[in-house]
1. Which residues, taken from the stretch 143-160, are in contact with a helix residue (DSSP H, G or I) (Cβ under 6 Å, 6 or more places away or on another chain), touching a residue at least 40 places away in the same chain (Cβ under 8 Å) and in a helix (DSSP H, G or I)?
2. Hey, among 137, 109, 122, 91, which residue is within 24 Å of residue 25 (Cα to Cα), modelled with pLDDT of 85 or more and part of a helix (DSSP H, G or I)?
3. Would you confirm, using the coordinates I've provided, whether residue 116 is surrounded by 13 or more Cβ atoms within 10 Å (Cβ to Cβ) and not in a helix (DSSP H, G or I)?
4. Could you identify the single residue in 7, 28, 17 that is assigned to a helix (DSSP H, G or I) and surrounded by 15 or more Cβ atoms within 10 Å (Cβ to Cβ)?
5. If I ask for residues that are surrounded by 17 or more Cβ atoms within 10 Å (Cβ to Cβ) and either within 15 Å of residue 8 (Cα to Cα) or assigned by TED's automatic domain parsing to the domain that holds residue 124 (or both), which ones from the stretch 34-48 would you list?
6. Can you name every residue in the stretch 49-70 that is surrounded by 13 or more Cβ atoms within 10 Å (Cβ to Cβ), farther than 22 Å from residue 112 by Cα and more than 20 Å from the chain's Cα centre (by Cα)?
7. When you go through 73, 98 one by one, which is the residue that is surrounded by fewer than 16 Cβ atoms within 10 Å (Cβ to Cβ), touching a residue at least 24 places away in the same chain (Cβ under 8 Å) and either in the same structural domain as residue 30 (by TED's automatic domain parsing) or in a helix (DSSP H, G or I) (or both)?
């Protein structure tokens with residue numbers, strides 16, 4: 001029991017250190033020796049748990065994607081809620097996920113720019129599980145009076161609105177500081193604004 005807990009704690013420390021290293025330096029710049037040192041383990045122990053840098057990288061990326069899929073399915077895919085409430089919940093939870101992982105958007109964009117072949121891995125893992133949700137939303141969009149919208153374009157709008165503050169964080173942080181005492185206030189208002197923008201587009205306000 002105790003040894004299993006110790007093993008789990010060690011794995012968590014390695015993953016936390018690796019996430020920080022990858023997000024700060026990218027895949028190419030990350031070093032397993034630095035990850036091991038930050039996690040407080042030997043380099044040999046890190047390789048015992050994860051074998052290669054590739055496996056460690058894939059573990060972190062897959063966990064982030066799985067968490068995002070969980071959010072999307074839990075909000076957008078909840079059949080008990082009307083479309084307006086699902087969209088509001090989904091946009092908010094996606095934005096909050098990014099607040100908790102602010103370096104992730106720039107990291108993903110940079111990695112895909114350098115390694116475009118990784119898009120297949122991300123696409124398959126993400127859309128295999130969310131495709132049915134998008135098709136269901138499309139049927140609801142088609143039923144809205146006076147609205148002509150494509151579910152994929154709607155998803156692109158949501159992602160663009162939510163991701164931009166994190167991609168442009170250095171610039172926005174400097175500008176927001178002139179108007180908001182706390183950058184967290186800016187994020188909260190931005191989240192609310194994004195929800196209103198999408199709902200207004202669909203005449204759901």
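1. 158, the sole residue that qualifies.
2. 109
3. Considered against the rule, which asks whether it is surrounded by 13 or more Cβ atoms within 10 Å (Cβ to Cβ) and not in a helix (DSSP H, G or I), residue 116 comes out as no.
4. 17
5. 39, 41, 46
6. Answer for the stretch 49-70, where residues must be surrounded by 13 or more Cβ atoms within 10 Å (Cβ to Cβ), farther than 22 Å from residue 112 by Cα and more than 20 Å from the chain's Cα centre (by Cα): 49, 50.
7. Answer to the selection: 73.
The values are calculated or read from the model by the stated rules, or taken from the named source; none is laboratory data. Predicted, not measured: the structure shown is a model, and the values here were computed from it. For neighbour counting, all protein chains shown are included, and Cβ atoms are generated from backbone atoms with ideal geometry for every residue, glycine included.
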